[in-house]
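The values are calculated or read from the model by the stated rules, or taken from the named source; none is laboratory data. All of these numbers come straight from a predicted model, not from anything done at the bench. We place every Cβ from the backbone using ideal geometry, glycine too, and count neighbours over all the protein chains shown. All accessible areas refer to the heavy atoms of the entire protein, side chains included, with ligands and DNA or RNA removed. Shrake-Rupley method; radii C 1.70, N 1.55, O 1.52, S 1.80 Å.
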Amino acid sequence: MKQPFCAPAEALRRVLDAAAQLPKPAVENAGLDEAVGRIAAAPLCARMDQPPFDRSPLDGYALHSADTAGAGEKTPKTLPVVMKLYAGDAPTAALPAGCAARIMTGAPLPAGADCILMQELTDGGEENVRIYAELSHNANVVFRGEDIAAGALIADAGTVLTPAHLGVLAGQGFAEVPVYRPLTVGVLATGSELLAPGETLAPGKIYDANGIQNAARLRQMGFAVQRRHCSAELEELLTGCDAVVTSGGVSVGQKDYLPVVLESLGAEPVFSGVAQKPGSPMLAAKVEGKLVFCLSGNPFAAAATLEQYVLPALLRAAGRLEKGCILPRTKRTLTTGFSKASKGNRYLRAKASGGTVAIPGEGNAEAHSSGSLSAMIGCNCLVELPAGSGPVKPGEEVEVLSFVY
């Protein structure tokens, strides 16, 4: 007897668990110039305090705060300037009481100094300086370790390294970091009607858009891709890839062979069918410890389920922390509507910005055909309409699933 389709939440849970059970990818060291977007393979911690010394955040004068008592525009105080410090200098002596040090942004404070007066509140003197403001202890000082303390966690294992992470790591003296090797994903588009882009169009044929689009999205997320066009090549892709994503040939038509091919390869089902529109025929399986995802041949159905289930699972298998794999959920206000009721769970391509979300097509449900390609341009999220929902109108609040990056 055919098993009932999985609820979307259950399907996601199953593929994430299946991915988490796979062996982690091999680890390699990447130089910081090549590490952006890579996944940290070990916790990365600060080697030292940053900044490594108390420093000045501005151009001005390092002082003893006690020497500024009573100073003001009408009651300036004059102090001798006994040293000058630039960024990169190391003070060779302590600052005596009753004296000032000319100091530039980023320079270390000399011992004894406990505040910095900006040069705009002085006369800018080089040998003697008149100060026009009173300062408190520690005023305008950036303290050692204020940004990050030695031993503090910069990025946990499984974190996608951003430019900000790499800037902090560079400031800690890291030249390279341990990261997971990128997974290679096979992309297979099936169907005797498909032609490769560039071939001469023949009657009854169409160009393969799914394979190109799925491969592009996977590459965008950091995966290496091998793309093929023939269900007979599934076994070959499994040999040379860490996972395979197919489109087409997964429903109940007479030429939908992929379930039979998977069975012949001894596939272990993860789920078969998900209770949603579009993309309900999707199935996920494991073949010899590798994940295989078979998506609908309809372009938006393939794109939606790629975002909802395939990318989260593959990112988890690639070593990401789970929280960085799942589509973030938010509530947003519709600026356009959708005219159809939803008997089952429905997902609509959409464009989110700020607290609002727009469904393309200005209420025209036909614009959301699973076969429509152009309506996907510019979309960055899915609007989720639960089973039993009626038409939705501008001004209503809806659940939005933002694409993962």
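Tally up the residues in segment 177-207 that are over 19 Å from residue 245 (Cβ atoms) and among the aliphatic types (A, V, I, L, M), please.
Summing the residues that are over 19 Å from residue 245 (Cβ atoms) and among the aliphatic types (A, V, I, L, M) in segment 177-207 gives 6.
Among the numbered criteria (1) in contact with a strand residue (DSSP E or B) (Cβ under 7 Å, 6 or more places away or on another chain); (2) touching a residue at least 24 places away in the same chain (Cβ under 8 Å); (3) in a loop (DSSP other than H, G, I, E, B), which one does residue 226 miss?
(3)
Can you report the number of residues in segment 144-176 which are open to solvent by 70 Å² or more (accessible area, probe 1.4 Å) and farther than 18 Å from residue 324 by Cβ?
Within segment 144-176, residues that are open to solvent by 70 Å² or more (accessible area, probe 1.4 Å) and farther than 18 Å from residue 324 by Cβ number 5.
Answer yes or no: is there a residue in segment 56-68 that is among the β-branched types (Val, Ile, Thr) and not in a strand (DSSP E or B).
Yes: one or more hits.
Of the residues that sit in segment 91-128 and are among the hydroxyl-bearing types (Ser, Thr, Tyr) and without any contact (Cβ under 8 Å) to a residue 60 or more places away in the chain, which one is surrounded by the fewest Cβ atoms within 10 Å (Cβ to Cβ)?
92
Return yes or no: is residue 238 open to solvent by 10 Å² or more (accessible area, probe 1.4 Å) and over 26 Å from the mean Cα position of the chain (by Cα)?
yes
Residues that are under 42 Å from the mean Cα position of the chain (by Cα): find the strands (runs of 3 or more DSSP E) completely inside segment 89-132 holding 1 or more of those.
Hits in segment 89-132: 100-103, 115-118.
Among the residues of segment 373-383, are any surrounded by fewer than 20 Cβ atoms within 10 Å (Cβ to Cβ), farther than 26 Å from residue 248 by Cβ and at pLDDT 95 or above?
No, there is no match, as no residue in segment 373-383 is surrounded by fewer than 20 Cβ atoms within 10 Å (Cβ to Cβ), farther than 26 Å from residue 248 by Cβ and at pLDDT 95 or above.
Can you tell me which of 88, 37, 31 is out of contact with any strand residue (DSSP E or B) (no Cβ under 6 Å at 6 or more places or on another chain) and exposed (fewer than 15 other Cβ atoms within 10 Å of the Cβ)?
None of the other options fit; the residue is 88.
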